[in-house]
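The values are calculated or read from the model by the stated rules, or taken from the named source; none is laboratory data. All values derive from a computational prediction rather than experimental measurement. Note that each Cβ is placed from the backbone with ideal geometry, even for glycine, and that neighbours are counted across all protein chains shown. Note: areas computed on protein heavy atoms with side chains; ligands, DNA, RNA excluded. Shrake-Rupley method; radii C 1.70, N 1.55, O 1.52, S 1.80 Å.
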Amino acid sequence: MKNLIKISLLSFSFAGIVASCDMDAPSISALDESSVFSVYSLAEAEIMSIHVSFGETNSYRGRFLPYYGINSDVEWIITPTYEKRLEDKYALSNYDTPAGNGQMNSDNNAYAKFYEGIERANLAIKGIREYGDVEHNPDMAQLLGEALTLRAVIYNDLVKAWGDVPARFEPNTSENLYLPRTNRDVIYKQLLADLEEAENYCYWPNESGITRTTERVSKAFVKALRARLALYAGGYGLRGDGFRRSKDPDLAPAKMYEIAKQECLDIINKGCNTLGEFKDNFTKLCKDNVAAGGESLWEIPFSEGRGRVLYTWGVRHQVADQYTYQPRGGVNGPLPTLFYDYDVDDVRRNITCVPYRWGQASDGTPYTKNENGQNYNVVKVPQVLSNPTALYFGKLRYEWMDRYVTSTNDDGINWQYMRLADVYLMAAEAINELDGPAAAAPYLQPILNRALPANKVSALMAKYTASKSAFFEGIVDQRAFEFAGEALRKADLVRWGNIDEKMAEAKAKLQRLAERSGEYADLPEKVYVATYTTDMPIPEGAEIFDKLTDGETLVIYGLNHGDTDDQGSEIRKANDAFASKGWFLSDGQPRITSDIIDGLYVVQPSTHCLWPIWQIFIDTSNNMLNNDGTYGQLSD
């Protein structure tokens, strides 16, 4: 973490490693628990050790965050194809993942590291309950709340990715070493209860010095996570007997919506966090600004040498350049249809979807390390037009950072796990279901107000508030526009039960975009592009996505509905700095091919929306785990 670098005493002083069916983590401490968990600084170090499991090589850092959530109807790994469907990285994303997947099937991978983090949380929860005197020491109570919440974060992601998984809520012993899958309803109810307890322990943002940073758990995040978990628990999921909601009356949709409503309203009404401008949230993230009280509620903290956030989700840089010493970025990106589905005046579009990459050096200057062998001597490179099948997410950009990247693969940018916009949209969704669209409207409107002109907000609100179903469809659309590139969409489609419909719709829209038919019939065949200079007049309708320094930023015409090749030709005639580039066609052939479209998913998404437990853990589970049927036991 940037602001908190602690060493866990217990987690790094174990007498041995216990290899389990579902985790590799130490189980016995060489230190006396009462000595550790009765002293705040030592107990805090144990909480920090949980974060270590987030940042390890094949945990959240390099496996879960890059691959879970890809592909959806707005996000994909660049660029999926049916021909490559069996390659490991594409198979993780196309809903046909084998248990022996080469990216995941190892004993130190995400599944194991998640249980390592859970074990560390279990040890901390047990120790602080016994020795922390939480009734009289509010800072120790905060630590207990953090441990409960971090454990809930990990379980939330385990259930999203693997469905029914072993439930471990006590430290490992020889008696509980091998466990079968547990009905996820049991896990959800435990987590909802744990978070309700944690709310009583955690400080609001900036209420204490502990919660002055978004890298520490606050009461606002606890409540927001409980709301998210309630929506997942009350929603659809792939179970042993099909794709359906829970049958447990304790997890009935109305009850879960009530929890989500109340938790979100508590956060909004408290006013400890503010929305601000859409772009500002992401520039703060890229600048390592972790001050609490803004839009960010909690971030997975990565040190400068950890975390592949920009590496995976940022704008592509082909070489070490003036903004980064790391030629990375652009592993995942938006479906090209997403760009054209935004309203042209929506400020989220050009921040979320970027049609360029940072290119090669134009003067042939070699890239060499300087005298200390650490930093590259770089030269200035320009933006280079990409193509519709390789658009990039622009919420995370190396060029917004205040430091150079010093690692080959890692950039140290935090992963924003929860932001206030999600709280507003969860509130709107839950209130619409319980009380109708008129009551829900005040919680959707702030999200629209910062994205669109007032007249367009009014038109959308009139459309959405016409009925409960219309409002729900508005939520579905706005969550796509708001959170594309944040790996929330797949889980949303699963819990809503419309993943098959929306994924099929995504393929159909890609086909229409390839043909420039239907809603995409008014797009030109080419785009017209120039590199900006100070004396260049900007043609009407041209786009500048993020102007930085003269001589490197592209000016592009032809990306908006209603743009024409005739007008583009006139722009080119008027200014010879502009060149025409084939956008939808390459050498007369569509760039968006049937092979690409068919690669988005290769089997029915609802029946394959979970990953299997990896074969190595099946083989070492003492016959307690399997992937029979739809990945595990029959869920009641």
Quiz prompt | Cα-centred dipole magnitude for the chain, charges only on beta-carbon of K, R (+1) and D, E (-1), debye, nearest 20 | solution = 300 debye
Quiz item: Helix 565-574: angle to the longest alpha-carbon principal axis of the chain, degrees 0 to 90, nearest 10?
Solution: 70 degrees
Exercise. Can you tell me the equivalent ellipsoid semi-axes for the chain? Use √(5λ) from the Cα gyration tensor, largest first, whole Å.
Key: 41, 28, 25
Quiz item: So what J values fall out for the range 277-288 if you push phi through Karplus, 6.51 cos²θ - 1.76 cosθ + 1.60 with θ = phi - 60°, rounded to Hz, Gly and Pro as x?
Solution: 7, 4, 5, 4, 4, 7, 5, 4, 4, 6, 8, 6
Quiz item: So for the chain, taking the charge dipole from beta-carbon charges (+1 Lys/Arg, -1 Asp/Glu), which of Ala521, Asn109, Ala484 sits furthest toward the positive end?
Solution: Ala521
Quiz item: Once the Cα atoms of helix 437-449 and of the chain are each reduced to a long axis, what angle between those two axes, in degrees from 0 to 90 to the nearest 10, is obtained?
Solution: 60 degrees
Practice problem: Tell me the Kirkwood hydrodynamic radius of the range 67-138 in angstroms, computed as one over the mean inverse distance between distinct C-alpha pairs. | Solution: 15.3 Å
Quiz item: What is the antiparallel percent of DSSP beta bridges lying wholly in the chain, to the nearest 5?
Solution: 95 percent
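Accessible area per residue for the range 54-136 in Å², computed with a 1.4 Å probe and the full protein assembly in place, what is it?
32 Å²
Could you work out how much longer the chain between Leu434 and Ser34 gets when fully extended? Use 0.36 nm per residue separation minus the Cα distance between them, nm to one decimal.
That works out to 139.3 nm of additional length.
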Practice problem: Would you work out the relative contact order for the chain, in percent, from Cα pairs under 8 angstrom that are 6 or more residues apart? | Solution: 19 percent
Quiz item: Quick one: Kirkwood hydrodynamic radius for the range 249-310, alpha-carbon pairs, angstrom, one decimal?
Solution: 14.3 Å
Practice problem: Enumerate the residues in the range 117-134 having an amide nitrogen under 14 Å from the point lying 7 Å beyond the Cα of Glu170 toward its Cβ. | Solution: 122-123, 126-127
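Among residues other than Tyr392 whose Cβ falls under 14 Å from its Cβ, what is the net charge (Lys/Arg +1, Asp/Glu -1)?
Neighbourhood net charge equals +3.
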Practice problem: Using only the alpha-carbon atoms of the range 513-609, report the extent along each of the three principal axes, biggest first, to the nearest angstrom. | Solution: 56, 29, 24
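Using the Cα atoms of the range 427-519 to build a convex hull, what is its mean projected area in square nanometres?
Averaging across all directions leaves 6.9 nm² for the Cα convex hull.
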Quiz item: Which order do Arg151, Arg212 take when ranked by solvent-accessible area (1.4 Å probe, heavy atoms of all protein chains), largest first?
Solution: Arg212, Arg151
Quiz item: Is it possible to state the helix-based mean residue ellipticity at 222 nm for the chain, with each DSSP H run of 4+ residues giving -39500 (n - 2.57), the sum divided by total residues, to the nearest 500 deg cm²/dmol? What is it?
Solution: -12000 deg cm²/dmol
Quiz item: Can you work out the FRET efficiency for the pair Thr534 and Asp587, with r the C-beta to C-beta distance and R0 = 51 Å, to the nearest 0.05?
Solution: 0.90
Practice problem: Return the distance in nm (one decimal) between the two label points of a simple spin-label model at Asp500 and Lys84, each offset 7 Å from Cα along Cα→Cβ. | Solution: 2.9 nm
Self-check item: Approximate spin-label separation Ala390-Thr57, in nm, with each point projected 7 Å along Cα-to-Cβ
Solution: 2.8 nm
Practice problem: Take the alpha carbon atoms of the range 78-117, find their center, do the same for the range 247-266, and report the distance between the two centers in whole angstrom. | Solution: 33 Å
Quiz item: For the range 222-342, with the dipole built from +1 on Lys and Arg beta-carbon atoms and -1 on Asp and Glu ones, taken about the Cα centre, which of Ser303, Asn289, Ala252 lies farthest toward the positive end?
Solution: Ala252
Quiz prompt | Net lengthening on full extension, Val344/Val603 (0.36 nm per residue, minus Cα-Cα) | solution = 89.9 nm
Quiz item: So how much accessible area does Lys247 have, in Å² to the nearest 10, using a 1.4 Å probe?
Solution: 130 Å²
Quiz item: Pairs Lys189/Lys502; Lys261/Lys463; Lys463/Lys490; Lys219/Lys490; Lys261/Lys468; Lys189/Lys247: which are spaced more than 18 Å apart, C-alpha to C-alpha?
Solution: Lys189/Lys502; Lys261/Lys463; Lys463/Lys490; Lys219/Lys490
Quiz prompt | Whole-number D in µm² s⁻¹ for the range 247-371, Kirkwood Cα-pair radius fed into Stokes-Einstein, 25 °C, 0.890 mPa s | solution = 132 µm²/s
Quiz item: Roughly how many nanometres apart are two label points built 7 Å out from the Cα toward the Cβ at Asp522 and Lys380?
Solution: 3.9 nm
Practice problem: Using only alpha carbon pairs under 8 Å that are at least six residues apart, calculate the relative contact order of the range 70-152 and give it in whole percent. | Solution: 18 percent
Quiz item: Tell me, what is the percent relative contact order of the range 472-580, built from C-alpha pairs under 8 Å that lie six or more residues apart?
Solution: 23 percent
